[in-house]
């Protein structure tokens, strides 16, 4: 079951019963000023994209309020939240690390907070390798690799689990769920990204294990 919703995730989550979702796997906005950072890097001459950075608007990277997190915790049994270090989440839990392998001027990796018991798991994959697949590509400025989300789901989900992503973006979580045969509900407020997610997920084949 794949259900995609174009709308405000806060309003949509209010319609979902308590603990009716097995796992939230999401990559919400962090509020780190991504556009400004990329523009500064582009103008510095440290990249071949000097002056070519595409601005994505004023609000796409705006940090979400705790109201959204409260709803996520209400409706789900477990959570994996990328960029969790930017939010006031319970400490002493298991963290996931995406090690980007190649060192660059922005960050060597990214972190996800999880609701599972404390510990650490590391996924090694360079950013370049993440987007080398010519049949897909990068559609969102902070898009995560499908391989990363598939890895997380294999570790923390189970057959017939219901997975939810309130900040679906270009549909990475949905693609990983469809490949693994998991139920998925995704919400995206931006119409352009919603249509991209629809197309990407619809074009994904469920793996024949």
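Coordinate-derived values only; no laboratory data. What you are looking at is a predicted structure, and each value in this text was computed from that prediction instead of being measured. FYI the Cβ positions are ideal-geometry reconstructions off the backbone, even for glycines, and counts take in every protein chain you see.
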For this session: Figure the gain on full extension for residue 102 and residue 11 (residue separation times 0.36 nm, minus the Cα-Cα span) and round it to one decimal in nm.
Result: 28.8 nm
Problem set entry | Highest-first arrangement of 190-200, 168-178, 113-123, where packing means the average Cβ count within 10 Å | 168-178, 190-200, 113-123
